[in-house]
1. For chain B, what relative contact order do you get, as a whole percent, if you take Cα pairs closer than 8 Å and at least 6 residues apart?
2. Taking 30 Å as R0, compute the FRET efficiency from the Cβ-Cβ separation of residue B:20 and residue B:196 and round it to 0.05.
3. GNM on chain B, C-alpha springs below 10 Å: top fluctuator among B:234, B:112, B:81?
4. Looking at chain B as a GNM with Cα springs under 10 Å, which of B:42, B:65, B:233 has the largest mean-square fluctuation?
5. 7 Å from Cα along Cα→Cβ at both residue A:49 and residue A:339: what's the point-to-point distance in nm?
6. At 7 Å along the Cα-to-beta-carbon direction for both residue B:203 and residue A:168, put a label point, then send me their distance in nm to one decimal.
7. Using packing as a proxy for protection, rank B:13-20, B:174-181 so that the peptide with the highest average count of other Cβ atoms within 10 Å comes first.
8. Need the C-alpha centroid separation for region B:40-60 versus region A:157-178, integer Å.
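Throughout, read-outs are computed from the coordinates displayed, never taken from laboratory work. This is a predicted model, so every value here is computed, not measured. In this analysis, Cβ positions are derived from the backbone assuming ideal geometry, glycine residues included, and neighbour counts consider all displayed protein chains.
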């Protein structure tokens, strides 16, 4: 339906580079071997055996140069992966640029190995009209370092009372719709949006929370909230809404995507919906896969997010759901907040953690290294979000635009030790020792991120 | 001890030391001249973000009896109303170099947070629904004076546990001192998971006669508007401690202020079993002991971040297999 490309980014020079002897891993393409890879004119031009590709004549070596080709030596050790795709980030533009903007947010995405992101509409003003979408896309066309897609609101002002002009928004490039952060409480309202989807298409991406159950809560309801005297949010605030909306989608034959699952009960609700053949998909965040309510004990406001960190049993169920495919993909829910907003008592702090720059390293450290899931599965789940929003999946294939991430799986670093690309620093993994580092990201054929350590590591 | 933020941070020996010190100060209170020069030249700042008469005046009196200078700072009518953040208020007041800040806020964890921003000793005088450690200490003190050791005693804490910082501190403190604690109240006001603190949970008072000590909590009127219970009348009929429910061998406690006719009937408040006024009396000497513990012990000038628990240290990511 959309006459325009849904993903938009700033114009950047197409990449020219030769990656020599890198270990290419693209589970969908069935590649898991050492290769030479040439990117020319922003397109993956050649894939050869290690040592098979020679630097182009006139190449300026590692420093690149006019018309030259940058050379990167992988020594068979550096991994080249399809660039990750994040279906859930907050870029805070317009209106909250003190937290993040399109430039800093997409810079953070590139630093985390993401080749594209989808931005949420809970901005100020809310992204709920075509003129605003046009203006945001104009900004993205100037500033975005990686392609950005936008999900405008389902209801005007996220108020849950009146549908946005969904059809016009789709024509202007809306990827889908969401009332993220202010979930549609009324089943009748959501049903109308699901019906209207037959006209305009576009996935409805749902933040599930029954406000009558979550009101007054600031963390997961359980032993820790009881001990801290902080109002609790029960997991059923999410899972009952997942079940309700999956049933509504099934009834209308609509396509819905469930955001940032946090509980075992929600995973079960998704599995049940899939079993009935309903068109549902789901995402999970690194923090819900790696942290629990125990991490909230210190009342560190970086650990305050919605949905809240839950129990160890929930965490294990989410990991299992991701492994089994009940949950389709990883999303960061990158939610930047300014220092002064988070430097307040826990109950007063806004919800959210940044996550773009740590997602891969945290999941590699917490799930792949201990053998819980293998690297190929992680790569699959970190790229699967694109297809859910009817976008091409990043792949390592000759002729495809270069959407690639180069990582060093051995590099150990402390999250945040050298600051962040994001404008905000409220990362729940800050201070953690992580293994696995993104060295370079190519997005839509252009160099989007290059770690300062790359030349040294590669040499 | 650098700060008094949570009973969780205290060992039984710490509690006993503070209570014993309070007993020594109680002797002073009986003298004609009630002040001692222990904290002469020290400054205690009372920073209260919630209205409080008894706790604030009790801290003020305690500091004055120790010859400390006292500054009271109430959030209403201050820079706070002009939008100053907690952090900036604390930094501003810290410029006056207080030795201790007594802090009450409606927010859990605020005392802990403030302890990272300034060099003063922080005394938590109530942080939201989290803790009120000096209340628990004065309750332990009151019981020690009245019944001696409470090892093996059964203590029932009855009422609105969910919204009570007193309940949380007391569950911890009574257990540290060897008592067996049961919390009882309407299911809507008993937080899920509270049993993980080690206490028993009951939704009726059927087994109340087994208690040695009954600790009633204040039932706040605003809870009615939020429909935590159907009515005051129904609450009172099921949970009020009255002459019919209180056995003669039991001791009755309450953190005050009492709602007569709601959580307690008039006759039990006035009965000799009630130690409610003794609790108020204990407030001053126990808070003297707390200030003494924190300030008289610390001879060295306090450095910024002294005793601060910074959670941002490098740590490994949880690597347990899923």
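1. Values: 578 pairs, mean separation 65.8, N = 322.
Answer for chain B is 20 percent.
2. Details: r = 31 Å, r/R0 = 1.03.
The value I calculate is 0.45.
3. Answer for the Gaussian network model of chain B: B:81.
4. For chain B, modelled as a Gaussian network with Cα springs under 10 Å, the answer is B:233.
5. In this crude label model, residue A:49 to residue A:339 measures out at 5.5 nm.
6. If labels sit at residue B:203 and residue A:168, their model points lie 5.3 nm apart.
7. Details: B:13-20: 17.2, B:174-181: 19.6.
Most protected by this proxy first, the peptides run B:174-181, B:13-20.
8. After rounding, the separation between the Cα centres reads 54 Å.
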